[in-house]
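Below is one structure, written out as structure tokens; comments come after it.
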Amino acid sequence: MTKKSLALKKVVVSLVLFAVSTMFVFAGGAKEAAVPATPKKGETVTIKMWTHDDLYRQFFQKRIDLFNQTNNDYKLALDAQIMPNTITALVTASVAGEDLPDLIGVEQGWFPTLMENGNVKNLLVDLTDKIGNRYNDYVQGRWALYTYDGRIYGLESALTASVLYYQPAIFEKYGVAIPSTWEEYLQAGKELAKHGVSIGIMDNDSSGLFSMMFLQRGGQFFDEQGKLVFGESENRKAAVQVLAMLREALDNKALQVVLGNDFWGSTIPTSFSTGKVAGIVAPDWYNTSVLQPGVASMSGQWRVAPMPVWSDGKGYSTSVWGGTGFAITKSSKIPEIVWNLLDDAYMSLDGQLDRYKTIGFYPTMYKALEDPAVTEQEHPFFGNQKIGSIFAKVAKETPPLWQSEQRPYLLQGIVDTLPLFIEGKLTSEQFVDTIVKITQDGATL
């Protein structure tokens, strides 16, 4: 990304968020709880929700239907709007003085936009005290995505833990063992490459293979206070180690390179179905959202293994990619009613298991992850393998991903700079230095 484009993005975001700040100052802040927590008997209360994915609408509607079946005092109704970018819509509607939702889906990559000048405090309800002593009942790393200044403003919808999806027939055909460490993964990739087969995919997504390996290694791009630490001490060392591993894999043609939007197109499914690529390291949602739709005819030919780890024992057993949290807007006149729905859907055992059953996202509650409904379920696509038990095991070591208002610059820097590293035009150290400079330049524009 050029300095000019970074500057333009910074100006646009800053102007819009300044307008939001000004609006809240003159309005005296958002007003809450205009409607009592317990409505009048027989009343129907409508919760307005914005989300980018209809699956969430289906799930929340299901929880509302269950509530209405058992509650005799009042009823709930859901007015859900599906839109590509809820945060841009929220900020724009706030400035324009238009009606805002009560409940909003926040794709984790857009949360940093709300962190600008602390505007998250103006736009979203602080959920920290409502979560209370239940904090430790859930996968710890998932809280970090919606944390600002030590307070939590959203509840995550999915575990997003990463695993190795692979085709056992390919490994068996060439006598290659399923790798459990990255060192074994590299060696297995070299062996498969001799037969014209890649063991996996190298992408330039900002949250893709490099980022997953980096976070798993124990690295962080930012610290808990949002300070850029990617280029400092242990983080820099972890990044260089990961890049060195990827460099060797690329040089030995162990990884097929798929860049940009091609990652989401037909290139990878075709490589899978023709036996040119043996598998992919990817998060849980990749299974139902990308893998199965892309290679539906290969049902039964796939398996899941834990994400390879580092042989020296350092780091986590898995990594993360993505996530969508749900938050309550400060403008909502029914925040307690909305919280009751969110609490039921995202913090109860029944809600967590129902979400897994309804939309296929693995729970973030430890107790739900260990439930037989998750661990004992057989999956036909994976030859009736009980893949839930693998996710339940690795979830105990899921790395956090700390946010920062500078993160959009870092993410774009990764997208733009990884191709240069892949092509051999940048060393590992130069890649890290370039990303640090891009991020710092963006923060000072």
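Any read-out appearing in this document is the output of simple, stated calculations on the displayed coordinates, not a laboratory observation. No experiment lies behind these values; they were computed from the predicted model shown. Ideal geometry is used to build each Cβ from the backbone, glycine not excepted, and the neighbour counts take in all protein chains shown.
A few remarks follow.
- Residues whose placed amide H lies under 5 Å from that of residue 319, excluding near-sequence neighbours: 162
- Exceeding the 27 Å Cα-Cα cut-off - candidates 62/330; 130/396; 276/357; 121/237; 190/314: 276/357; 121/237
- Each part gets one Cα centre, and for segment 70-143 versus segment 200-248 those centres are 29 Å apart.
- Two-decimal Rg to Rh for segment 307-445 - Kirkwood Rh, Cα set: 1.08
- Residues whose amide H falls under 5 Å from that of residue 152, counting only those 5 or more places apart or on a different chain, are 127, 128, with hydrogens built in the peptide plane.
- A Cβ-based charge dipole, computed about the Cα centre of segment 187-337 with Lys and Arg at +1 and Asp and Glu at -1, lands at about 160 debye.
- When the convex hull of its Cα atoms is projected in every direction, mean area for segment 67-120 (nm²): 5.4
- Taking amide H as placed 1.01 Å from N in the peptide plane, residue 257 has its amide H under 5 Å from the amide H of 202, each at least 5 places away in sequence or on another chain.
- Here the convex hull built on the C-alpha positions of segment 83-207 has a volume of 175 cubic angstrom per residue.
- Pairwise centroid distance, computed over Cα atoms, of segment 362-413 with segment 429-445, Å: 31
- Against the chain, whose longest principal axis comes from its Cα atoms, helix 86-96 is set at around 40 degrees.
- Hydrodynamic radius by Kirkwood, which averages 1/r over all alpha carbon pairs of the chain, in angstrom: 23.0
- The relative contact order of the chain, computed from alpha carbon pairs under 8 Å that lie at least 6 residues apart in sequence, is 25 percent.
- Here, segment 186-317 has an Rg and a Dmax of 15.7, 48 Å when only alpha carbons are counted.
- Gyration tensor (Cα) of segment 390-435, equivalent ellipsoid semi-axes in angstrom: 28, 16, 9
- For the chain, the mean residue ellipticity at 222 nm estimated from helices alone is -13000 deg cm²/dmol, where every DSSP H run of n ≥ 4 contributes -39500 (n - 2.57) and the total is divided by all residues, rounded to the nearest 500.
- At R0 = 41 Å, FRET efficiency that the Cβ-Cβ distance of residue 180 and residue 83 yields, to 0.05: 0.45
- Between the helical axis of 407-422 and the longest alpha-carbon principal axis of the chain there is an angle of about 10 degrees.
- Using Cβ point charges alone (K and R +1, D and E -1), the dipole size of the chain about the Cα centre works out to roughly 340 debye.
- Share antiparallel - DSSP beta bridges, the chain, percent rounded to 5: 60
- Within the listed set 330, 190, 40, the residue fluctuating most in the Gaussian network model of the chain (springs between alpha-carbon atoms under 10 angstrom) is 40.
- To the nearest ten degrees, helix 335-347 and the longest principal axis of the Cα atoms of the chain are 30 degrees apart.
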